[in-house]
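So the structure is just underneath, and the comments pick up after that.
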Amino acid sequence: MNIMKVMDIYNRRIADPNFHVTPTTFIFSGKAASSYTFAKETIRLINSVADVINNDPRVNEVMKVCFIPNFRVSNAQLIYPAAEISEQISTAGKEASGTSNMKLMMNGAVTIGTLDGANVEMFEQLGADNMFLFGLRADEAEALRTAGYDPQAYVRRSPWLGRVLERMSRGYADGESYADLVGSLLYGGDPYLLLADFDDYAATHERLYAAIAD
């Protein structure tokens with residue numbers, strides 16, 4: 001969802017050169033098991049988007065994207081102090097716990113995230129001044145699945161989200177399509193409810209940037 005938001009910002013800036021973009025470097029890091037095809041495709045997508053944005057003079061003065069491979073303690077200790085915003089965006093009910101969110105916050109980062117995992121306890125102690133929550137709560141997510149979740153309905157009422165998915169299908173710098181990722185969202189049930197949470201995530205980003213600017 002994070003890289004989809006980056007793509008959304010890029011698309012809006014290209015469509016309207018006067019669209020305001022808060023200068024931001026988006027730092028991704030991670031690794032994937034050899035058999036985890038979806039995760040590997042996501043990493044490849046992040047790097048493809050980075051190649052486009054970082055080399056596009058229409059946007060690269062206000063936004064950069066980087067992917068630090070093989071996330072581990074030795075590079076995490078460099079990332080945590082550098083971050084101003086901590087993204088903890090697991091789908092509510094899917095993350096048992098975590099420690100990166102605590103380490104980032106202890107190093108001064110403001111958290112944007114779902115009410116999930118350790119975010120729950122952090123929010124109880126720190127409140128809305130230090131954390132920006134978005135998205136479905138765990139019970140709401142379960143109720144949506146039970147009622148019959150239709151990912152395509154969220155795209156139909158969010159044209160900018162539709163443009164992100166269309167560009168993913170066409171591909172980025174490597175010339176290859178990411179239609180399999182799009183298909184898993186639109187036709188594969190979107191198990192992590194990314195499309196359901198996307199608009200609230202994007203709006204919360206704008207609220208966060210406004211608060212930082214103040």
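The values are calculated or read from the model by the stated rules, or taken from the named source; none is laboratory data. Keep in mind that what you see is a predicted model, and the values were worked out from it rather than measured. As a convention, Cβ positions derive from the backbone with ideal geometry for all residues, glycine included, and neighbour counts pool all protein chains shown. Just the protein is used for accessible areas: all its heavy atoms, side chains included, with ligands, DNA and RNA removed. Shrake-Rupley method; radii C 1.70, N 1.55, O 1.52, S 1.80 Å.
Report whether or not ALA203 is under 26 Å from ARG13 (Cβ atoms) and exposed (fewer than 13 other Cβ atoms within 10 Å of the Cβ).
Values: under 26 Å from ARG13 (Cβ atoms): yes; exposed (fewer than 13 other Cβ atoms within 10 Å of the Cβ): yes.
The answer is yes for ALA203.
The set of residues in the stretch 65-113 that are over 15 Å from the mean Cα position of the chain (by Cα), of a type in the set (D, E, K, R) and crowded, with 17+ Cβ neighbours inside 10 Å comprises GLU95, LYS103.
Here TYR172, TYR178 are screened, and the one residue that is modelled with pLDDT under 95, open to solvent by 10 Å² or more (accessible area, probe 1.4 Å), within 27 Å of ILE53 (Cα to Cα) and aromatic (Phe, Trp, Tyr) is TYR172. Within the stretch 133-145, can one find any residue that is more than 20 Å from ASP190 (Cα to Cα) and assigned to a strand (DSSP E or B)? Yes, that holds for at least one residue.
For beta carbons closer than 6 Å, sequence separation of 6+ or different chains, a first residue in the stretch 63-76 that is closer than 11 Å to ILE27 by Cβ and a second that is polar (S, T, N, Q), the qualifying pairs are LYS64/THR25; LYS64/ASN54; PHE67/ASN47; ILE68/SER29; ILE68/ASN75; PHE71/SER29.
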